[in-house]
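Engineer: Below is the structure I would like to discuss, written out as structure tokens.
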Amino acid sequence: MPPSEAALAALLLRAEIEEWLLAEADLLDARRYRDWLALLHPEVRVAMPIARNLAPALLAREERTRAGQDVMWVDEGFRTLEQRVRQLETGIHWAEEPASRVTRLISGVRILEAAPDRVLAGCRFILHRNRLEDETDLLIGRRRDTLLRAGEGWLLHRREVLLDQSVLHAKNLTTFL
């Protein structure tokens, strides 16, 4: 039985979004931060709540901190992200001198919600960061990204990063997630 038009459209959308996420990762890994900023909606919000170690009965309700109510690892908008890019471009950012070598692996991309001009995508990621001879960080987790259609492409509007750790072992968070 041939696939339906709806099934083909869903498959094509998933491939388009997966390609967008992989291209974004390539820009960040190559330190092409200005090009990356061009992929962000002016009202972008990137949040990374802190995971809490709780009893199983409380996990569903309070496993992670909440934006606007609790402390978060990251809670940034376009202005802050652009300031961070400008700081990195100076070449005198103490935590990135010398610059880190970063590789992001994106997998398990799924379309969670879709409308003609908006997509909510989920994925898994591994971010490996190495700096100097012995500084290595490994961040593993899940993301939920909301993308808005902009002409022929997409812009990142919201990103929620859920790390699979409650204690951050990295010395800093200079890497964009």
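Engineer: With the checklist (1) free of Cβ contacts under 8 Å to residues at least 40 places away in the same chain; (2) in contact with a Phe, Trp or Tyr (Cβ under 7 Å, 6 or more places away or on another chain); (3) not hydroxyl-bearing (Ser, Thr, Tyr) in hand, flag the one item residue 120 doesn't pass.
Structural biologist: Failing condition for residue 120: (2).
Engineer: Sticking with this structure for a sec: Among the residues of the range 42-87, how many are modelled with pLDDT of 90 or more, loosely packed, with under 14 Cβ neighbours inside 10 Å and basic (Lys, Arg)?
Structural biologist: So the count comes out to 2.
Engineer: Quick one: is residue 129 within 17 Å of residue 172 (Cβ to Cβ), surrounded by 12 or more Cβ atoms within 10 Å (Cβ to Cβ), touching a residue at least 12 places away in the same chain (Cβ under 8 Å) and under 19 Å from the mean Cα position of the chain (by Cα)?
Structural biologist: So residue 129 passes the test.
Engineer: Follow-up. Go over the candidates 104, 110 one by one and state the one that is touching a residue at least 40 places away in the same chain (Cβ under 8 Å), charged (D, E, K, R), buried (at least 16 other Cβ atoms within 10 Å of the Cβ) and under 22 Å from residue 28 (Cα atoms).
Structural biologist: Numbers: 110 fails: buried (at least 16 other Cβ atoms within 10 Å of the Cβ).
Just one listed residue meets the conditions, 104.
Engineer: Additional query: State whether the residues of the range 166-173 include one that is among the polar types (S, T, N, Q) and either surrounded by fewer than 18 Cβ atoms within 10 Å (Cβ to Cβ) or over 18 Å from residue 21 (Cα atoms) (or both). Step through it out loud before you land on a result.
Structural biologist: Of the range 166-173, the ones among the polar types (S, T, N, Q) are 166, 172.
Subsequent filtering for residues that are either surrounded by fewer than 18 Cβ atoms within 10 Å (Cβ to Cβ) or over 18 Å from residue 21 (Cα atoms) (or both) retains 166, 172.
Yes, the conditions are met somewhere in the range 166-173.
Engineer: Can I ask one more? Given the criterion of a type in the set (A, V, I, L, M) and assigned to a strand (DSSP E or B), identify the matching residue among 148, 88, 81.
Structural biologist: 148
Engineer: Search the range 90-126 for residues being of a type in the set (Val, Ile, Thr) and over 16 Å from the mean Cα position of the chain (by Cα), and hand back the single one that is farthest from residue 44 (Cα to Cα).
Structural biologist: We begin by selecting, within the range 90-126, every residue of a type in the set (Val, Ile, Thr); these are 90, 92, 102-103, 106, 109, 111, 119, 126.
Keeping just the survivors that are over 16 Å from the mean Cα position of the chain (by Cα) gives 90, 92.
Values: 90: 24, 92: 26 Å.
So the residue we want is 92.
Engineer: If you don't mind, another one. Scan (1) assigned to a loop (DSSP other than H, G, I, E, B); (2) farther than 17 Å from residue 31 by Cα; (3) touching a residue at least 40 places away in the same chain (Cβ under 8 Å) for the single condition residue 99 breaks and write down its number.
Structural biologist: (2)
Engineer: Mind counting the residues in the range 67-96 that are under 20 Å from residue 29 (Cβ atoms) and in contact (Cβ under 8 Å) with a residue 12 or more places away in the chain?
Structural biologist: 11
The values are calculated or read from the model by the stated rules, or taken from the named source; none is laboratory data. Treat the numbers as computed from the prediction; the structure is a model and nothing was measured. Quick reminder, even Gly has a Cβ in these numbers, built from the backbone with ideal geometry, and neighbours come from all protein chains shown.
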